[in-house]
Structure formats: C-alpha cells, structure tokens
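Colleague: This structure is in structure tokens; I'll ask about it shortly.
The values are calculated or read from the model by the stated rules, or taken from the named source; none is laboratory data. All figures in this text were calculated on a predicted structure; none of them were measured in a lab. Virtual Cβ from ideal backbone geometry, glycine too; neighbours counted across all protein chains shown. Side chains included, ligands, DNA and RNA excluded: accessible areas come from the protein's heavy atoms. Shrake-Rupley method; radii C 1.70, N 1.55, O 1.52, S 1.80 Å.
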Amino acid sequence: MERDCNALIVAGLGNYHPDYLFTRHNFGFLFIDYCCKKLEIDFKKEMEAEVAYKNIKEKRVIFLKPITWMNLSGKVIKKWIVKTGISPGALIIVYDDISIPFGRIRIRRRGSDGGHNGMASVIQETGTSEIPRIRLGTGPLLPSTNLVDFVLGKWTEEELKKIPEILENTFNALMDIINYNLEVAMNKYNAPI
C-alpha cells in the first residue's frame, strides 16, 4: 500500500448523482471541480472517488470527490487516509453550510458536524472532529423553507452570478492554507457572520 505522509487531501462533499449536480448540497464538489480546472489537472476514478493530483509547495495535494451519497462520504475518505498514511489533520473537507450566509466562507481546524450528514460521516469514520474544513455559505434558510428542499434545490440565477467569485475566493484561501498555514487563511478569509 502506498504511503505518502507529505500528502494533503482536499475533499469536497456532495452527492455523486446527475440529479444533484448543480444543487447547493454539491457546493463542495463544485469547488473541487473549480480547483482542478484552475490548476489544469484531470480527474481519474480510483478507490471509489474521482481524484486529481498536483504538487504544490512540496506537498502532494490530492483533490477528491467521493463517488457515493453524501452520508457515506466518510467511508471513502477513510480509505484514502489509510492509503496515503496521513492523519485526519492532513485533510481539508469542503462542504456547504446553511448556517453561513451565501457568499461567505468559514475555515476551521476542528468542530462538530453542525448537522451536516457528510461531515458527520467523515467524523464518524475517522473517529475525530479534529479535521480542518472550509464551510461554504449557502444560507440563510428562510423559516418557511423545508431544509431538504433548500439544500437539494438548484441555485437561483442571482446565486449563479456570484458563484465564480466565491469559488475564486475559496481557491485563494486554500492556496494560503497550503502555502502558509490554516491560521493565516482563517485570519484573512473568516469574515464575521
């Protein structure tokens, strides 16, 4: 089994099914796609995931999208932790969060799942909540709106216009994490909610 302790896994969470491709709940997948396009790297299917590799500042960065349902993401990510020999602290999980206003991101070193089924699966499978993450705001959820309908709903025209800027901002935050550290990116990109 291949071990690469200088690796960093950047995993986007989403539902790997065409019906959910352009929904709020697939924001993590959308971000991974954006990174790979920007870095001019291609995906290949390997170990229940779409993966792409890029060396950035002496790190082997693995961009990963689990080929599964959101609530099973942790099983695939755990396989990649075992394959590479990294610790959960060398993961960066990217996912949607309705508690953060649309257009904002929050970077954290650790935390609970916040009610997000994909992150709950990652925490359960790795056995720790000490996992760095980038949460992409999709909120607020209006009181009269059904949660499932909202997160599995398609983007509005107004949101679609803003997504490229959000993805670019998040990409820059990721590069700061890789090139500097988590604290630098948190200080620079975590706006008050």
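Colleague: For a quick check of your reading of the filter: which chymotrypsin sites (Phe, Trp or Tyr not before Pro) in the stretch 40-102 sit in a DSSP loop and have no more than 16 other Cβ atoms within 10 Å?
Modeller: Values: sites: Phe43, Tyr53, Phe63, Trp69, Trp80, Tyr95, Phe102; in loops: Phe43, Trp69, Phe102.
Of the chymotrypsin sites (Phe, Trp or Tyr not before Pro), the ones in loops of the stretch 40-102 whose Cβ has at most 16 other Cβ atoms within 10 Å are Phe43, Trp69.
Colleague: 5 Å is the cut-off here: which amide hydrogens, built 1.01 Å from N in the peptide plane, fall below it relative to Ile56, excluding neighbours closer than 5 in sequence?
Modeller: HN-HN under 5 Å from Ile56: Val61.
Colleague: Can you give the longest stretch of the chain with no exposed loop site, where a site means GluC sites (Glu not before Pro) in a DSSP loop (not H, G, I, E or B) with at most 13 other C-beta atoms within 10 Å? Let's see the in-between values first.
Modeller: Details: sites that count: Glu2, Glu40, Glu58.
That gives 59-193 as the longest site-free run.
Colleague: Could you tell me the distance between the Cα centroids of the stretch 99-117 and the stretch 132-193, to the nearest Å?
Modeller: What the calculation gives is 9 Å, centre to centre.
Colleague: Moving on. Counting heavy atoms of the protein chains only and a 1.4 Å probe, report the per residue accessible area for the stretch 46-193 as a whole number of Å². The partial results should precede the final answer.
Modeller: On the way: 6950 Å² over 148 residues.
Value returned for the stretch 46-193: 47 Å² of accessible area per residue.
Colleague: 222 nm [θ] for the chain, helices only, -39500 (n - 2.57) per DSSP H run of 4+, per residue, to 500? Don't skip to the end; give the middle numbers.
Modeller: Working: 6 runs with 70 residues, N = 193.
Here the helix-only value at 222 nm equals -11000 deg cm²/dmol.
Colleague: Quote the Stokes-Einstein diffusion coefficient, in whole µm² s⁻¹, for the stretch 25-93, based on the Kirkwood radius over alpha carbon pairs, a temperature of 37 °C and a viscosity of 0.692 mPa s. All intermediate terms of the calculation are to be shown ahead of the outcome.
Modeller: Working: Rh = 12.5 Å.
Result for D is 262 µm²/s.
Colleague: Still on this model: Heavy atoms only, probe 1.4 Å: what % of the accessible area of the stretch 55-140 goes to carbon and sulfur, would you let me know? Write down the numbers at each step before the final one.
Modeller: Details: 1560 of 3320 Å².
Carbon plus sulfur share of accessible area: 47 percent.
Colleague: Which entries in Lys45/Lys75; Lys54/Lys154; Lys54/Lys188; Lys37/Lys162; Lys45/Lys79; Lys38/Lys78 show an alpha-carbon gap greater than 22 Å? Numbers along the way, then the final one.
Modeller: Numbers: Lys45/Lys75 16 Å; Lys54/Lys154 31 Å; Lys54/Lys188 24 Å; Lys37/Lys162 18 Å; Lys45/Lys79 14 Å; Lys38/Lys78 27 Å.
Distance filter (> 22 Å) returns Lys54/Lys154; Lys54/Lys188; Lys38/Lys78.
Colleague: Give me Rg/Rg_expected for the stretch 1-129, where Rg uses Cα atoms only and Rg_expected = 2.2 N^0.38 Å with N residues. Mind showing how you got there, number by number?
Modeller: Working: Rg = 13.7 Å, N = 129, 2.2 N^0.38 = 13.9 Å.
Against the compact-globule rule of thumb, the ratio is 0.98.
Colleague: Then there is this: What translational diffusion coefficient, in µm²/s and rounded to a whole number, does the Stokes-Einstein relation yield for the stretch 84-193 at 20 °C and a viscosity of 1.002 mPa s, taking the hydrodynamic radius as the Kirkwood radius over Cα pairs? Could the numbers behind the result be given before it?
Modeller: Working: Rh = 14.9 Å.
Taking Rh from Cα pairs, D becomes 144 µm²/s.
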